[in-house]
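Notes follow the structure.
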Amino acid sequence: MKYFLPSIIVMVFIYFFSAMPSDESYLQHSRVIALFAYLGIDLFQILGQNAVFWVRKTAHFMIFGTLSLTFFYGLYKNYNKNPFLFAFFMSFFYAISDEFHQYFVPGRSADWKDVLIDSFGAFSFLFITKGIQWIKSNLG
């Protein structure tokens, strides 16, 4: 169970941000844009008027990629025969539950496209991890 503690922490983090009403969520993403501006990177110049949209979607991709790795870690440490497949499906089902949860949050909605982005993030992170494992075992 202790190996799944990182997964639980990430899931709580996701739940916390999904429970924010839309105006609070928008403010959080605007802060990310402000942080980039402070670092000298104008995301509006790079991404145009849709900068907040892209920050939101990138956050989905990254956090569910991270979640998939924490699931992989817990499964790998607990003798699972195929931790990649199970980690992906656990992330996918949590993405579905996250969108279902957002349906009940004021100003938010459930969007199947977000489930796809979340799942693609999970798949991408796991694919890179599998590639690193393959390289280490075959070339290392």
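Details
Table: residues versus (1) touching a Gly at 6+ places or on another chain (Cβ under 9 Å); (2) buried (at least 19 other Cβ atoms within 10 Å of the Cβ); (3) among the hydrophobic types (A, V, I, L, M, F, W, C).
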| site | (1), (2), (3) |
| --- | --- |
| LEU75 | no, yes, yes |
| ALA87 | yes, yes, yes |
| TYR103 | no, no, no |
| PRO106 | no, no, no |
| PHE125 | yes, yes, yes |
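- The residue of the stretch 13-54 that is modelled with the highest pLDDT, among those that are β-branched (Val, Ile, Thr) and closer than 20 Å to ALA110 by Cβ, is ILE14.
- All of (1) more than 15 Å from the chain's Cα centre (by Cα); (2) in a helix (DSSP H, G or I) hold for ILE9 with one exception: (1).
- The residues of the stretch 1-11 that are surrounded by 13 or more Cβ atoms within 10 Å (Cβ to Cβ) and either over 21 Å from VAL105 (Cα atoms) or of a type in the set (Val, Ile, Thr) (or both), listed by number, are TYR3, PHE4, PRO6, SER7, VAL10.
- Subset of the stretch 12-27 (residues that are among the polar types (S, T, N, Q), under 13 Å from the mean Cα position of the chain (by Cα) and either over 14 Å from TYR94 (Cβ atoms) or loosely packed, with under 13 Cβ neighbours inside 10 Å (or both)): none
- The helices (runs of 4 or more DSSP H) falling completely within the stretch 32-128 that include 3 or more residues that are under 25 Å from TYR3 (Cβ atoms) map to 51-77, 83-103.
- Any chance TYR94 is farther than 16 Å from ALA122 by Cβ, at pLDDT 95 or above and surrounded by 13 or more Cβ atoms within 10 Å (Cβ to Cβ): no
For (1) closer than 26 Å to SER97 by Cα; (2) polar (S, T, N, Q), each residue gets a yes or a no:
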residue: PHE4; (1), (2): yes, no
residue: VAL10; (1), (2): yes, no
residue: ALA19; (1), (2): yes, no
residue: TYR26; (1), (2): yes, no
residue: VAL32; (1), (2): yes, no
residue: GLY40; (1), (2): no, no
residue: LEU43; (1), (2): no, no
residue: THR58; (1), (2): yes, yes
residue: PHE64; (1), (2): yes, no
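- Qualifying residue in the stretch 43-58 (condition: of a type outside the set (A, V, I, L, M), within 23 Å of TRP134 (Cα to Cα) and touching a residue at least 24 places away in the same chain (Cβ under 8 Å)): no
- Residues of the stretch 84-122 that turn out to be farther than 25 Å from GLU24 by Cα and without any contact (Cβ under 8 Å) to a residue 12 or more places away in the chain, as a count: 3
The values are calculated or read from the model by the stated rules, or taken from the named source; none is laboratory data. Please read all numbers here as calculations on a predicted model, not as lab measurements. For neighbour counting, all protein chains shown are included, and Cβ atoms are generated from backbone atoms with ideal geometry for every residue, glycine included.
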